[in-house]
Amino acid sequence: MPQVFVITGPSGVGKGTLIRTLRERMPELELAVSATTRRPRAGETQGEDYWFLTDEEFGERAERGEFVEHAEYSGRRYGTLRSELERRIGAGHPVVLEIEVQGARQIRRTLPEAVQIFVAPPSAEVLRTRLVGRGTDDPEQVEDRLRTARAELAAQDEFAEVVVNDRLEDAVAKLEAIVRSALHSSA
Ligand code: ADP
Ligand code: 5GP
């Protein structure tokens, strides 16, 4: 039975970087492409980074029950399309979801067998430095994301697996060990 892995944690903690590095080591892992109503950043591609939808399209698809989970984050909507998940699971691939905490909570209820991993920063200062250093969000967005991060960090005890992303190499190794162990025990 293919496994579903939920990687969550505050914006800027390194979820995307960790998943990219993990997938280089484990190419069988597939990433479900989420839908969002936020604007594409420079270099982001439709259908690769996200399915970029209008508010109206997102709302209609949510009404039709097309999302396994969806949430509002920083004034925008984000969600996992059922089709993205089912196509990959149907093809026998383990799937990674990179989502924020409200979505992870929904998945905990609807897909309790999914393995949930919270990525934590070594400190609040490091999180700020990474978010600012990434250079993708204006100062107002950074502050909003850091405000949300406080609540998200307070939720980390809900997660059985917590990976602190201090040295990237160590964090990837820990993540890989969790994923391989879950795949091994479900085989
Ligand atoms: P997220 O997907 O959680 O929002 P990103 O993967 O975009 O976070 O990482 C945010 C920034 O932090 C990026 O500029 C990335 O290169 C950097 N980063 C990620 N992990 C580390 C790490 N372990 N040490 C130093 N910088 C990191
Ligand atoms: P960003 O705007 O930085 O791409 O994403 C903002 C937040 O939304 C991140 O924490 C990211 O993990 C989360 N996110 C991305 N896709 C989804 C999704 O499909 N569902 C939910 N609930 N959150 C998502």
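The values are calculated or read from the model by the stated rules, or taken from the named source; none is laboratory data. Small disclaimer: the values here were computed from a predicted structure and weren't measured. Note that we place each Cβ from the backbone using ideal geometry, even for glycine, and neighbour counts take in every protein chain shown. Heavy atoms of the whole protein, side chains included, go into the accessibility calculation; ligands, DNA and RNA do not. Shrake-Rupley method; radii C 1.70, N 1.55, O 1.52, S 1.80 Å.
Numerical summary
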| quantity | calculated |
| --- | --- |
| For the stretch 105-113, 3J(HN,Hα) per residue [Karplus equation, 6.51 cos²θ - 1.76 cosθ + 1.60, θ = phi - 60°, Hz, x = Gly/Pro] | 5, 5, 5, 4, 7, 8, 10, x, 7 |
| Amide H within-cut-off set for Val96, under 5 Å, with H built and near neighbours excluded | Phe5, Glu30, Leu31, Ala32 |
| Dipole-positive endmost among Val101, Tyr73, Val142 within the chain (Cβ charges, Cα centre) | Val101 |
| Computed over the stretch 29-104, the ratio Rg/Rh where both radii use C-alpha atoms and Rh is Kirkwood | 0.95 |
| Accessible surface, per residue, of the chain when the full set of protein chains is kept, probe 1.4 Å, Å² | 52 |
| Other-chain or far-sequence residues with amide H under 5 Å of Gly9's (modelled H) | Val101, Val119 |
| Exposure rule at most 16 other beta-carbon atoms within 10 Å, DSSP loop GluC sites (Glu not before Pro): the chain longest free segment | 114-187 |
| Residue-by-residue Karplus 3J(HN,Hα) for the stretch 152-167, coefficients 6.51, -1.76, 1.60, Hz, glycine and proline x | 5, 5, 5, 8, 5, 5, 5, 9, 5, 10, 10, 10, 7, 8, 9, 7 |
| Derived scalar couplings ³J(HN,Hα) [the stretch 75-88; Karplus, 6.51 cos²θ - 1.76 cosθ + 1.60; whole Hz; x for Gly, Pro] | x, 10, 9, 9, x, 9, 6, 3, 4, 4, 6, 5, 4, 6 |
| By accessible area with a 1.4 Å probe, ligands and nucleic acids excluded, highest first: order of Ser181, Ser34 | Ser181, Ser34 |
| Largest to smallest principal axis extent of the C-alpha atoms in the stretch 1-134, angstrom | 41, 35, 29 |
| Magnitude of the charge dipole, the stretch 11-128, Cβ model with Lys/Arg +1 and Asp/Glu -1, debye to 20 | 320 |
| Euclidean distance between Cα centres, the stretch 26-65 to the stretch 126-181, Å | 21 |
| Trp51 long-range amide H proximity, modeled H, under 5 Å | Ser34, Ala35, Thr36 |
| Principal axis box of the stretch 94-167, alpha-carbon based, largest edge first, Å | 37, 25, 24 |
| Rg/Rh (Cα only; Kirkwood hydrodynamic radius) as it applies to the stretch 19-68 | 1.07 |
| Estimated 222 nm signal from helices in the chain, with DSSP H stretches of n ≥ 4 weighted -39500 (n - 2.57), rounded to 500 | -14000 deg cm²/dmol |
